[in-house]
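Structure first, commentary second.
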Amino acid sequence: PLPRRATLWAAATYALAALALGWPALVGKFLVNPRSDQFIAGYAFRGYAGTTLKAGEGFPLWNPYLFGGMPYVAAMHGDIFYPTFLLRMILPTDVAMTWSFMIHAFLAGFFTYGFLRAWGLGFLPSLIGGVAYLMGGPIAAYVSPGHDGKLYIGALFPLALWLLLFGIRDGRSWAWGALSLVVGLAVLSPHPQLLQYMLLGCGAFALYIAFAGAQTPNGDIVRLERSVALKRLGLALGAVALGGLMGAIQYLPVREYVPFSPRSGGREYEFATQYSFPIEELFNTYLPQFSGILNSYWGRNNIHLHSEYLGAVALFLAGAGLKSGRRGFRWFWIGTLIVSTLWALGQYTPFYRLIYAVVPGTPYFRAPSTMIFIAAFSVAVLAALGTERLLAGKVSRTYALGWLGFGLAVALLASVGALTNMSKVIANSWAGEYQMTLI
């Protein structure tokens, strides 16, 4: 049953979750890791713009402090025009950046809750789905390396899906204006690679609800006539195009600067797959410390400032969600999980050869692993479906005991040093300049 003031209860839950993750902010600490590019360079970029804005000089157009000088807007010095710049006009730069992380972590959970409720899931399954997404490593761990653009798009993704439901399924005209605003904000984040992933995910979901049918909160399945579906898909495409135009203030200067960039014309396959997700690190989704992090990382990517941990409870619930009665919805997110995981693995499977050859823009990027936030959202949705089955008493005791046995087996292996020995064997199975010492 839906509790009174359900939305406020959900908002309070996500606020507490975000504060639990970023509690040092409450005593004025900066949340960004000292080893990150954000600490080394991004903070200075944002501090410079904050100074010129506070002085009434507007946005800087030139950065004289790098090399012999660089364009400020065209070289994409962070979230220049994204609304978070307003925080830097009234707060110290580090405080403004810290609270922009906190706010967007909260929004990631809250928008996921809203999306799941709009599909027709109950209060508690939707609440759990939002918590699984917010607290999972692919979202929560963006704070430590200071990957604000990734976090912004990670938070906007469920909101865009929510608006697609209103627009395509329900035919609400206001949704197209709201969607264009969300896309415009994503463009201004500015993180072109995750923007591409967000648009691909939204596009696939739009096609699904337009042609396969969508559920309403009261349980009805809406199947649109083909002409209506095509018209609403056209409106969705128009909203995306309008959102792209909103970002022209950032990307028109970038177009002029591209010929001077080392990535001009795209790069080779080896560069485009430089930061793929090593297959052995999939175990991190259950045991976050398996491959280590920061100074303790022994994996193939040389640096590891983030986390892929999805949560043992979330994985348990997601497994239960694989048999959800919401068949079409379930299969869409299972498919999305498979595709996004294969995409994130990059060079470690042949699948990415197809992506590199077919998907525009891929040669300009070098971190397929960043697609993992789509996989994390898919797991959160499946966890919500699993919670629904659990509350209905449809999760078998055998399934629960199987997970308990798996957890005990992992704990036993860890206690006798087997996982450490396994990691040493894996780390020693490749050689080269990127191999790190296991600590």
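The values are calculated or read from the model by the stated rules, or taken from the named source; none is laboratory data. In this text, all values refer to a predicted model and were calculated from it rather than measured experimentally. No Cβ is skipped: glycine too gets one built from the backbone with ideal geometry, and neighbour counts run over all protein chains shown. Heads up: the accessible areas ignore ligands, DNA and RNA and are worked out on the full protein's heavy atoms, side chains in. Shrake-Rupley method; radii C 1.70, N 1.55, O 1.52, S 1.80 Å.
Of note:
- With every protein chain in place and a 1.4 angstrom probe, the accessible-area ranking of Met422, Met371, largest first, reads Met422, Met371.
- Modelled spin labels at Gln289 and Trp23, positioned 7 Å past Cα toward Cβ, are 1.8 nm from each other.
- Accessible solvent surface per residue of the chain, calculated while the other protein chains remain in place, 1.4 angstrom probe, Å²: 46
- Straight-distance candidates among the aspartates and glutamates for linking to Lys323, with alpha-carbon spacing under 14 Å and chain neighbours fewer than 8 residues away dropped: Glu388.
- Spin-label proximity, Ile249 to region 173-204 - amide N less than 17 Å from point 7 Å beyond Cα toward beta carbon: 180-191
- Dmax and Rg, reported as Rg then Dmax, of region 294-364 (C-alpha, Å): 16.0, 45
- Its relative contact order, with pairs defined as Cα atoms under 8 Å and 6+ residues apart, puts the chain at 17 percent.
- In plain terms, the C-alpha convex hull of region 16-106 casts an average shadow of 6.3 nm² when viewed from every direction.
- Within the same chain, aspartates and glutamates fewer than 8 places from Lys54 are excluded, and of the rest, those with a Cα less than 17 Å from its Cα are Asp79, Asp94.
- Accessible surface ranking for Phe30, Phe277, 1.4 angstrom probe, highest first: Phe30, Phe277.
- Shape class of region 93-168 from the alpha-carbon gyration tensor: prolate, with a/c at 1.5 or above and a/b greater than b/c.
- For region 261-359, averaging the sequence separation of C-alpha pairs within contact (under 8 Å, six or more residues apart) and dividing by the residue count gives a relative contact order of 29 percent.
- Region 273-404: radius of gyration and largest Cα-Cα distance (Dmax), Å: 16.3, 49
- Over the C-alpha atoms of region 250-309, the Rg to Rh ratio, Rh being the Kirkwood estimate, stands at 1.18.
- Accessible area (Å², 1.4 Å probe, nearest 10) - Lys424: 100
- Cα pair distances in region 192-298, grouped into 10 Å bins until the bin that holds the longest one, percent each: 11, 23, 24, 26, 15, 1
- Accessible area, probe 1.4 Å, largest first, for residues Asp170, Asp37, Asp148: Asp37, Asp170, Asp148
- Rounded to the nearest angstrom and listed largest first, the equivalent-ellipsoid semi-axes of the chain from its Cα gyration tensor are 33, 30, 22.
- Normalised by the number of residues in region 99-199, the average gap of Cα pairs under 8 Å and 6 or more apart makes the relative contact order 29 percent.
- Size of region 1-68: Rg and Dmax of its alpha carbons, in Å, are 19.1, 63.
- Probe 1.4 Å - accessible area at Tyr269, Å² to nearest ten: 30
- Prolate is the label for region 1-155. Its Cα gyration tensor axes, ordered a ≥ b ≥ c, give a/c of at least 1.5 and a/b above b/c.
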